[in-house]
Amino acid sequence: MIKVLLVDDESMALEYLKNLTDWEGNGFELIGTARDFDTAMRLFHRYRPDLILSDVRMPGRTGLDFIAEIRQIDANVRVLFLSGYEDFEYARRAIHLGADDYILKSDLNEESLLSRLLPLREKMIREAEMRKYSVQSAFEDLFQRNLDERYFSKLMSPGDYIKITRKYYCIIFTIRHAPDFMHEIFRDYSDSCYDLEDELKRRVIAKADECGCRFIAGFSINQRDYLAVMDLKQPTASETKIAECLREYAAAVCRVPDRNRICAFYLSRSCSIRHFSRYYRENQLTILSGSLRRGCYVGEFTASDSLGKDCADAKRVTEEELVQDIRSKSFTKCMDCVRMVERSIEESDSVAYLWYVKILLRAMLVFDGEVLNAELRMHFSVYEHSEEYHLYVAEEMAAFLKKKVEALKSACAGETYARYSPNISKAIRYIRDHYQSPDLSAAVVAGHISLSESWLSTKFREEVGVGLTDYINMTRIEAARRILQTTDDMIYEIAERCGFTSSQYFSKVFKSIVGITPNRYRKEQASHGEAT
């Protein structure tokens, strides 16, 4: 089946394309749809489509940018542009730059689409057959499909066949990602790092010669892991020298300037690709646990590596128990959970780390958007401040979770003005009364109370649990939520009413606190109202 990705910024146009023909019956598999460049690139890296049908113009990036980007990654992917009449010349330029064809949207129907797709499909199948038995593709089949080397004996030249039966040194490079379940918990969560994937592939080849290695082949195993198949320029029988050479090479590849997202795991004895495939799958915990370590970690697979870790300790607390812990305002188990996350990082225990992070986030998600302090009208948001942390780094994830538990404690404490010192109570009242003023700031609040801004900011955070500027933004966003729920006012009007000087900044702050844009929030509230 030819894997197809559909890209158009109009949802109705995407629906029309999806239903225009029997894709599967014609030999195509729809792997996804995208309405913007970034989403299209994420899906491309995740599913590696063979064919992309794309609107010639996309929000933010042009179709020409799109071609240039994907051609650098995969020269074989096909692109069929959909063009409006006014973009006709633009589409013709795209053809010269590497697009395979285009269809005017005004002419788009099942017949015109299939007249382009079916010949292109046959051409792609023929080309795939021609590429199928290169050394690179044979390595991939040996690794991914566990084929016997003898399968290729009559399908390759004798020289290439000998190459795939040899033993090599194998290194796994893994890019740190936030846990997969983050996409279930965080709406619109993006951990895109396809630029780093491209950089990794370039460095794998470029650094080999510098470190006494010879690059043989390399390919992505999945979204995280990349296999580099290597040989040594100067063969040696010394296991110590082999290990030193592989470690030096792996470390050089991992040291991407300003990025600490790549880890490496090497095997200092040579083996066949098929044998290493089994070894890789038996040692997934080694890779996951190594990714919890700081910096550009480089480790060696050892004979003792296995999947035999005891997972029982990771399940001593449940999501339901954490929810009850929050409802009771105890937070004992939540804090224990944070400590277990920190402990699992210290011990490089990926099973415990993933378990505790997942159940704590899911428990907090139950309270997302709830008003947990009626007097101060404070909502709790799981998403607030998440953009300030690199959640693919274990230590930053632990810090983020700790901050969220503290925010829950503060919101659930039933705080009243009387609970605060006189100056902080005055500051809160002033913010509540003047949040609509675009001039309101930490300096203005401090001036009203006749205190220094730095002293008030420090004291405010100590007593309230959030920064003074953050509290001003939270107050404004709470007001914006109420307006979005009860009116049809334009976004820029709401921004002005809540004290923001621009709708763009308002949308940015709103998303950082609520997790979604104001427009999407309004739509979700409307659909929720209809459902109830």
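Summary table below
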quantity: Pair list, Cβ < 7 Å and 6+ apart or interchain, from the stretch 44-59 residues that are small (Gly, Ala, Ser) to residues that are not in a loop (DSSP other than H, G, I, E, B); calculated: Ser54/Val7; Ser54/Gly63; Ser54/Phe66; Ser54/Val79; Ser54/Phe81; Ser54/Leu82
quantity: Of residues in the stretch 220-237 being hydrophobic (A, V, I, L, M, F, W, C) and surrounded by fewer than 18 Cβ atoms within 10 Å (Cβ to Cβ), the one farthest from the chain's Cα centre (by Cα); calculated: Ala237
quantity: Any hit, the stretch 25-38, residues being of a type outside the set (Gly, Ala, Ser) and over 26 Å from Asp198 (Cβ atoms); calculated: yes
quantity: Residue match in the stretch 391-407 (condition: in contact with a strand residue (DSSP E or B) (Cβ under 8 Å, 6 or more places away or on another chain), modelled with pLDDT under 90 and either closer than 23 Å to Val445 by Cβ or surrounded by fewer than 21 Cβ atoms within 10 Å (Cβ to Cβ) (or both)); calculated: no
quantity: Filter result for the condition that a residue is hydrophobic (A, V, I, L, M, F, W, C), in a helix (DSSP H, G or I), modelled with pLDDT under 80 and under 30 Å from Glu197 (Cβ atoms), over Ala75, Ala91; calculated: Ala91
quantity: Those residues of the stretch 427-445 which are assigned to a helix (DSSP H, G or I) and either acidic (Asp, Glu) or not assigned by TED's automatic domain parsing to the domain that holds Cys498 (or both), in sequence order; calculated: Asp433
quantity: Condition check for Arg269: basic (Lys, Arg), outside any helix (DSSP H, G or I) and farther than 29 Å from Tyr389 by Cβ; calculated: yes
quantity: Single residue of the stretch 1-21 satisfying the filter (charged (D, E, K, R) and in a loop (DSSP other than H, G, I, E, B)) that is surrounded by the most Cβ atoms within 10 Å (Cβ to Cβ); calculated: Asp8
quantity: Test: residue in the stretch 202-210 that is in a loop (DSSP other than H, G, I, E, B), crowded, with 16+ Cβ neighbours inside 10 Å and more than 26 Å from the chain's Cα centre (by Cα); calculated: no
quantity: Residues satisfying the stated conditions in the stretch 22-53, i.e. among the small types (Gly, Ala, Ser), buried (at least 20 other Cβ atoms within 10 Å of the Cβ) and closer than 18 Å to Gln223 by Cα; calculated: Ala40
quantity: Filter result for the condition that a residue is closer than 24 Å to Arg520 by Cα and at pLDDT 90 or above, over Glu496, Glu478, Glu453; calculated: Glu496
quantity: Residue match in the stretch 168-181 (condition: touching a residue at least 24 places away in the same chain (Cβ under 8 Å), surrounded by fewer than 18 Cβ atoms within 10 Å (Cβ to Cβ) and either among the charged types (D, E, K, R) or in contact with a Leu (Cβ under 6 Å, 6 or more places away or on another chain) (or both)); calculated: no
quantity: Where a residue in the stretch 231-244 is touching a residue at least 40 places away in the same chain (Cβ under 8 Å) and under 17 Å from Lys167 (Cβ atoms) and its partner, wherever it lies, is surrounded by 15 or more Cβ atoms within 10 Å (Cβ to Cβ) and among the charged types (D, E, K, R), with Cβ under 8 Å and at least six apart; calculated: Ala243/Glu300
quantity: Close pairs from the stretch 251-268: first closer than 13 Å to Val298 by Cα, partner among the small types (Gly, Ala, Ser) and outside any strand (DSSP E or B), Cβ under 7 Å, at least 6 apart; calculated: Asn260/Gly295; Cys263/Gly290; Cys263/Ser291; Ala264/Ala250; Phe265/Gly290; Tyr266/Ala250; Ser268/Ala243
quantity: Within the stretch 49-72, considering residues that are part of a loop (DSSP other than H, G, I, E, B) and at pLDDT 90 or above, the one nearest to Glu127 (Cα to Cα); calculated: Asp50
quantity: Filtered residue count, the stretch 169-186, keeping only those that are assigned to a helix (DSSP H, G or I) and in contact with a strand residue (DSSP E or B) (Cβ under 8 Å, 6 or more places away or on another chain); calculated: 0
quantity: Members of the stretch 139-168 that are part of a helix (DSSP H, G or I) and over 14 Å from Ser272 (Cα atoms); calculated: Tyr151, Phe152, Pro158, Gly159, Asp160
quantity: Residues that are outside any helix (DSSP H, G or I) and crowded, with 19+ Cβ neighbours inside 10 Å, drawn from the stretch 238-253; calculated: none
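The values are calculated or read from the model by the stated rules, or taken from the named source; none is laboratory data. Model, not experiment: these values are computed from the prediction. Note: ideal-geometry Cβ built from the backbone for every residue, glycine included; neighbour counts use all protein chains shown.
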